[in-house]
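Notes follow the structure.
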Amino acid sequence: MYYLSLYVHILSAIFWIGGMLFTVAVLVPVSQHKIIEPNRGTFFKIIGEKFSRISWLLFLILIITGITNLTTRGFELSLFLDPNFWQTGFGYYLGIKLMIFGIVLIISGLHDFYFGPKAARLINSDPGSPQTQTFRKISSWLGRMNLLFGLMIVYYAMRVVRG
């Protein structure tokens, strides 16, 4: 059970982070192509909605498999209420990883349910307005922050198991 859960956990993280890297490296540059430029807001609305749904499903899978990974390795959930656990190397790095994941959930919520959709609507309706530029920049920075935090999670996941 542990290996199956760990496998699904790692694949989910790969899919989520890979999707963000693909967005930065491929979709954003492609959105500036003359064919897509007039429909850039719609382009990001369609892609954003699809990736958002997938990301939130992946977050749920990561939570479930993360708990499963810990419990199948012999960690009882009551251990996480013990302050001494969080002082161990494993607990310390796990705590950092979980805090960053919490930040990712907050940023994702802001990006996926407010700033991203609003930026996409404004890009189509009033592409040159200061409000459009503000929402576009905020949405872009939230996405970048999530990528950075996602990469940090991978680092601390490595530290959890390798010390």
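The values are calculated or read from the model by the stated rules, or taken from the named source; none is laboratory data. Since we're looking at a predicted model, the values are computed, not measured. Note: ideal-geometry Cβ built from the backbone for every residue, glycine included; neighbour counts use all protein chains shown.
Can you pull out the residues in the stretch 116-157 that are free of Cβ contacts under 8 Å to residues at least 60 places away in the same chain and closer than 30 Å to L94 by Cβ?
Residues satisfying the conditions are W141, L142, M145, L148, F149, M152, Y155.
All but one of (1) touching a helix residue (DSSP H, G or I) at 6+ places or on another chain (Cβ under 7 Å); (2) free of Cβ contacts under 8 Å to residues at least 40 places away in the same chain; (3) under 23 Å from I123 (Cα atoms) hold for G91; state the number of the condition that does not hold.
(3)
So that you can scan it fast, the table gives a plain yes or no per residue for (1) more than 20 Å from H111 (Cα to Cα); (2) modelled with pLDDT of 95 or more; (3) among the aliphatic types (A, V, I, L, M); (4) touching a strand residue (DSSP E or B) at 6+ places or on another chain (Cβ under 9 Å):
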| site | (1), (2), (3), (4) |
| --- | --- |
| L4 | yes, yes, yes, no |
| L21 | no, yes, yes, no |
| H33 | yes, no, no, no |
| I36 | yes, no, yes, no |
| G41 | no, no, no, no |
| I54 | no, yes, yes, no |
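Of the residues L58, L62, L6, L11, only one is out of contact with any Ser or Thr (no Cβ under 9 Å at 6 or more places or on another chain) and part of a helix (DSSP H, G or I); which?
Being out of contact with any Ser or Thr (no Cβ under 9 Å at 6 or more places or on another chain) and part of a helix (DSSP H, G or I) holds for just one of L58, L62, L6, L11, which is L11.
Is it the case that L58 is surrounded by 15 or more Cβ atoms within 10 Å (Cβ to Cβ) and either closer than 30 Å to Y2 by Cβ or without any contact (Cβ under 8 Å) to a residue 60 or more places away in the chain (or both)?
Working: surrounded by 15 or more Cβ atoms within 10 Å (Cβ to Cβ): yes; either closer than 30 Å to Y2 by Cβ or without any contact (Cβ under 8 Å) to a residue 60 or more places away in the chain (or both): yes.
The answer is yes for L58.
Residue by residue through the stretch 42-64, note down the ones that are hydroxyl-bearing (S, T, Y) and in contact with a Phe, Trp or Tyr (Cβ under 9 Å, 6 or more places away or on another chain). Working first, answer last.
Keep residues of the stretch 42-64 that are hydroxyl-bearing (S, T, Y), which gives 42, 52, 55.
Selection gives S52, S55.
Taking F75 as the residue in question, decide whether it is outside any helix (DSSP H, G or I), over 14 Å from the mean Cα position of the chain (by Cα), modelled with pLDDT under 95 and of a type outside the set (G, A, S). Break it down stepwise before answering.
Numbers: outside any helix (DSSP H, G or I): yes; over 14 Å from the mean Cα position of the chain (by Cα): yes; modelled with pLDDT under 95: yes; of a type outside the set (G, A, S): yes.
Judged against the criteria, F75 is a match.
Please count how many residues of the stretch 33-53 are surrounded by 15 or more Cβ atoms within 10 Å (Cβ to Cβ), farther than 17 Å from N124 by Cβ and not small (G, A, S).
Initially, the stretch 33-53 is screened for residues surrounded by 15 or more Cβ atoms within 10 Å (Cβ to Cβ), giving 40-41, 43-45, 47-48, 51-52.
Next, only the ones that are farther than 17 Å from N124 by Cβ stay: 51-52.
From what is left, the residues that are not small (G, A, S) are 51.
Selection size over the stretch 33-53: 1.
For the subset of the stretch 1-23 comprising residues that are under 19 Å from the mean Cα position of the chain (by Cα) and free of Cβ contacts under 8 Å to residues at least 12 places away in the same chain, which member is farthest from I63 (Cα to Cα)? Break it down stepwise before answering.
Of the residues in the stretch 1-23, the ones under 19 Å from the mean Cα position of the chain (by Cα) are 6-23.
Pick out the ones that are also free of Cβ contacts under 8 Å to residues at least 12 places away in the same chain and you get 7, 10-11, 14, 18, 22.
Working: Y7: 14, I10: 12, L11: 13, I14: 15, G18: 18, F22: 23 Å.
Per the stated criteria, the residue is F22.
Can you tell me which residue in the stretch 24-52 is farthest from P117 (Cα to Cα), limited to those that are touching a residue at least 12 places away in the same chain (Cβ under 8 Å) and basic (K, R)?
Applying the filter and picking the extreme gives R40.
Within the stretch 132-163, track down each residue that is among the polar types (S, T, N, Q) and buried (at least 19 other Cβ atoms within 10 Å of the Cβ). Working first, answer last.
Step one: filter the stretch 132-163 for residues among the polar types (S, T, N, Q), giving 132-134, 139-140, 146.
Once the filter is applied, which keeps residues that are among the polar types (S, T, N, Q) and buried (at least 19 other Cβ atoms within 10 Å of the Cβ), the stretch 132-163 yields T132, S139, N146.
Out of I67, I96, I46, report the one residue that is hydrophobic (A, V, I, L, M, F, W, C) and either touching a His at 6+ places or on another chain (Cβ under 9 Å) or closer than 19 Å to F149 by Cβ (or both).
Details: I67 fails: either touching a His at 6+ places or on another chain (Cβ under 9 Å) or closer than 19 Å to F149 by Cβ (or both); I46 fails: either touching a His at 6+ places or on another chain (Cβ under 9 Å) or closer than 19 Å to F149 by Cβ (or both).
Exactly one of I67, I96, I46 is hydrophobic (A, V, I, L, M, F, W, C) and either touching a His at 6+ places or on another chain (Cβ under 9 Å) or closer than 19 Å to F149 by Cβ (or both), namely I96.
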